[in-house]
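Worksheet for the structure shown next.
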Amino acid sequence: MDGFSKVEFSQSVTILAPPFLKVDGFLNVHILYYNMSSKIKNGISYNKNGWKYVSVKGKPKERGYAYGFFCANDFKEIQKSLEFIMMESFGMPWEYFIKEINEDFKEMTQREFIEFYEEMEGIAEGCNAGGCKTNIDEIIAWNFYMSIPYWYSTKSQNPTAKEGGGSKDHCSAFMAVGDWTTDGKIVCAHNSFVEFQDGQYLNVILDLNPDKGHRFIMQTSPCSIWSGSDFFVTAKGIIGTETTIGGFYPYEKRFPIGYRIRKAMQYGNTLDEYCKILLSENSGDYANSWLFGDINTNEILRIELGLKYHNIERTKNGFFIGFNAPYDQRIRNLEVNNSGFYDVRRHQGARLVRLGDLMDEHKGKINIEVAKKIIADHYDVYLEKENNPGSRTVCSHYNLDAREYMSDPSRPKPFEPRGAIDGAVCDSIMAKNMSFDARWGSSCGTPFKTSEYIKKHRQYAIFAPYIKDRPSEPWTEFTIDDSYSKGNKRKNKFRLTKKGKKMNDKTKTIKNTSDE
Ligand SMILES: [Zn+2]
């Protein structure tokens, strides 16, 4: 029969499955989304151009359940990867981290962040209903993933265990306003350069419409209640992103960054409130240079968030760039090892120069299309080469870099499976419509094929089963989705709907219908 696949079972049962269903030998039915979207009571999800789009709404447990249900298969894969990644990175199993993180944070989460706790309970239940065995403890630990290296350095009494003697660093970003942009309003861009084996899970776009606080849409990973990458837009008109401060090492156990930034996204009304929430019970984990823009006041703000020290700058006419090193001399000298700030052999110094040059070059002309070009830039400042994608370029490609100019041997090794896996851009108009443009795979569109990479760099062969191909994908606009809450009264019934032109058109026109 056309389009149907034959599925055989050990007990000599044979059925014909339609193309959107995948049936395994244990009679589990997996729905393959292709061009379809799936809906349940409190949410909708579909896959598009390398991204998994999820929109959920309602009370914490309800929206969490829908989110977990849609992400069950993805989280199953993540669990398998974490078994490898945690041993490879720390020499300790994922189970150890689940136990220790919950000993340190579970009670705090229940006491101080009950709403987020209930949402994570819902996620765990949804995951289980979707076929992935997990529990609240694992979801709490997963939402602490970005903080693990900071917390663990204190826990393990080995603060210099990780590369460079301090935290890892990710991402390029900028935010510009006033004379720098075509319309004088805010333009923002970001990419995440990460280790492929875990960064490859940042391909979720989540529209979260809570019963309290502001709705927001963000890039994230399956089952995460905050962004982590970070890139988001809120119904209050705040655009947010960050780049990490590389080599950061002090840590004190207080509120995890994931809870603080999530609270800011959902409840923050002004740039001042964002700073206040981030600074309250700051742990120093995932220390970042945060960039926030308020489309209501047309103002942008950068907070370099160290532990003892922080530095806030704001402007209605200017730009901020993010390149993984702090301007603040106190943070740079007292809280960071080997910042790389002036070192153009490294990505910090090189992008400090290049992103600054790009802001100058495009002054008055920065818009969404220019932002996409800037974030995909391959100019090598150190070698003065126009197109030399590598560890130093705005669009990062460590996997192509021989690292012959490495100035710090503790830094990433030659050809590490690491680099930009995405790109995201937004301006004030898109933010008003609760949308942004995103590209999966790399900011420039260069495809990555694991088998070819491993063939060339056999030292990383054991990573092969844990790194997925990332073909070239187009820039794609995402926005909030309310279609599942209209007209569909069927409760708890899994339904497949054809997602075609209508869905695509809607991404251009849908307006913010949230609680504002
Ligand atoms: Zn590139």
(request) Return a yes/no flag: does region 466-478 have any residue that is more than 15 Å from the ligand (Cβ to nearest atom), over 30 Å from Ile366 (Cβ atoms), part of a helix (DSSP H, G or I) and at pLDDT 95 or above. (result) yes
(request) State which residue pairs qualify: first residue near the ligand (Cβ under 10 Å from one of its atoms) and inside region 438-457, second residue of a type in the set (Asp, Glu) in any location, beta carbons under 8 Å apart, and separation of 6 or more residues or different chains. (result) Gly441/Asp422; Gly441/Glu473; Ser442/Asp422; Ser443/Asp422; Gly445/Glu473
(request) Can you run down the residue pairs with Cβ atoms below 6 Å, 6 or more apart or on separate chains, where the first is in region 369-397 and in contact (Cβ under 8 Å) with a residue 24 or more places away in the chain and the partner is aliphatic (A, V, I, L, M) and within 12 Å of the ligand (Cβ to nearest atom)? (result) Pro389/Leu400; Cys395/Ala376; Cys395/Ala420; Ser396/Ala420
(request) Pull up region 408-437, narrow it to residues that are closer than 29 Å to Asn298 by Cα and touching a helix residue (DSSP H, G or I) at 6+ places or on another chain (Cβ under 6 Å), then point me to the one that is farthest from the ligand (Cβ to nearest atom). (result) Asp427
(message) Residue under question is Ala124, and the condition is that it be modelled with pLDDT of 95 or more, over 21 Å from Arg351 (Cβ atoms) and buried (at least 22 other Cβ atoms within 10 Å of the Cβ); does it hold?
(response) yes
(message) Pull out all pairs, ordered by first then second residue, where Cβ-Cβ is under 8 Å, the residues are six or more apart or on different chains, the first lies in region 330-349 and is not assigned by TED's automatic domain parsing to the domain that holds Lys385 and surrounded by fewer than 19 Cβ atoms within 10 Å (Cβ to Cβ), and the second is hydrophobic (A, V, I, L, M, F, W, C) and assigned to a loop (DSSP other than H, G, I, E, B).
(response) none
(message) Please pick out the residue among Lys432, Lys373 that is basic (Lys, Arg), at pLDDT 95 or above and over 19 Å from Phe323 (Cα atoms).
(response) Lys432
(request) Name, by its number, the condition in (1) under 23 Å from the mean Cα position of the chain (by Cα); (2) assigned to a helix (DSSP H, G or I) that does not hold for Arg332. (result) (1)
(request) Have a look at Arg403, Arg392 and point out the one that is more than 11 Å from the ligand (Cβ to nearest atom), within 24 Å of Ser339 (Cβ to Cβ), surrounded by 24 or more Cβ atoms within 10 Å (Cβ to Cβ) and not hydrophobic (A, V, I, L, M, F, W, C). (result) Arg392
(request) Determine whether region 275-297 contains at least one residue that is touching a residue at least 24 places away in the same chain (Cβ under 8 Å), under 21 Å from the mean Cα position of the chain (by Cα), within 19 Å of Lys212 (Cβ to Cβ) and in a helix (DSSP H, G or I). (result) no
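The values are calculated or read from the model by the stated rules, or taken from the named source; none is laboratory data. None of the values given here were measured: they were computed from a predicted structure. Glycine also receives a Cβ, built like all others from the backbone with ideal geometry; neighbour counts cover every protein chain displayed.
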